[in-house]
């Protein structure tokens, strides 16, 4: 069965995401962590875990952003998703999340907390449908969209990727 991005957008009731692509929250733990149990940077209570469906199409991208929690990506359908990370040491890392394991793709991958990262469909693909699990659970208070100028100042050696994967 060859399913399309539009099929998933419609049947999973996906909505536009601020960073690009489409999403729907599918799980939010009933169990929460108190502010005393979390690092001070969280500034309040968070759920233990959350998860979403996330879909990105080839003509779009998920812009560079970071969150305060670890985020684990799980591949579901379509073509591989490329996750691009900017390291504190100035490095750039690309990881393909997909099902072609002999080609080095991974079914699951975790981006560490506070890492600038972006994603896009791997070259030649139409769309990627993945899941994202965040722990401590996601809260938009913990989300920071990157400003192009700030990333260019910090990572000038990655100018092309930064320009391609930022909107402002």
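Restricting region 99-121 to residues that are outside any strand (DSSP E or B) and either at pLDDT below 95 or over 22 Å from residue 155 (Cβ atoms) (or both) leaves a set whose member that is farthest from the chain's Cα centre (by Cα) is 102. Whenever a residue of region 71-82 is in contact (Cβ under 8 Å) with a residue 60 or more places away in the chain and on the phi > 0 side of the Ramachandran plot, its partners that are buried (at least 21 other Cβ atoms within 10 Å of the Cβ) and in a strand (DSSP E or B), lying with C-beta atoms within less than 9 angstrom and at least six residues away or across chains, give the pairs 78/55; 78/56; 78/121; 78/127; 78/128; 78/129; 78/130. The sole residue among 107, 152 that is in contact with a helix residue (DSSP H, G or I) (Cβ under 8 Å, 6 or more places away or on another chain), under 17 Å from residue 51 (Cα atoms) and surrounded by fewer than 19 Cβ atoms within 10 Å (Cβ to Cβ) is 107. Look at residue 96 and say whether it is surrounded by 15 or more Cβ atoms within 10 Å (Cβ to Cβ), free of Cβ contacts under 8 Å to residues at least 60 places away in the same chain and assigned to a strand (DSSP E or B). Against the criterion (surrounded by 15 or more Cβ atoms within 10 Å (Cβ to Cβ), free of Cβ contacts under 8 Å to residues at least 60 places away in the same chain and assigned to a strand (DSSP E or B)), residue 96 qualifies.
Quick grid of which residues meet (1) surrounded by 19 or more Cβ atoms within 10 Å (Cβ to Cβ); (2) over 30 Å from residue 156 (Cβ atoms):
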{"position": "4", "(1), (2)": "no, yes"}
{"position": "33", "(1), (2)": "no, yes"}
{"position": "80", "(1), (2)": "yes, no"}
{"position": "88", "(1), (2)": "no, no"}
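Taken over region 117-133, residues that are surrounded by fewer than 22 Cβ atoms within 10 Å (Cβ to Cβ) and either over 15 Å from residue 85 (Cα atoms) or in contact with a helix residue (DSSP H, G or I) (Cβ under 7 Å, 6 or more places away or on another chain) (or both) amount to 7.
The values are calculated or read from the model by the stated rules, or taken from the named source; none is laboratory data. These figures come from a predicted structure and were not determined experimentally. Virtual Cβ from ideal backbone geometry, glycine too; neighbours counted across all protein chains shown.
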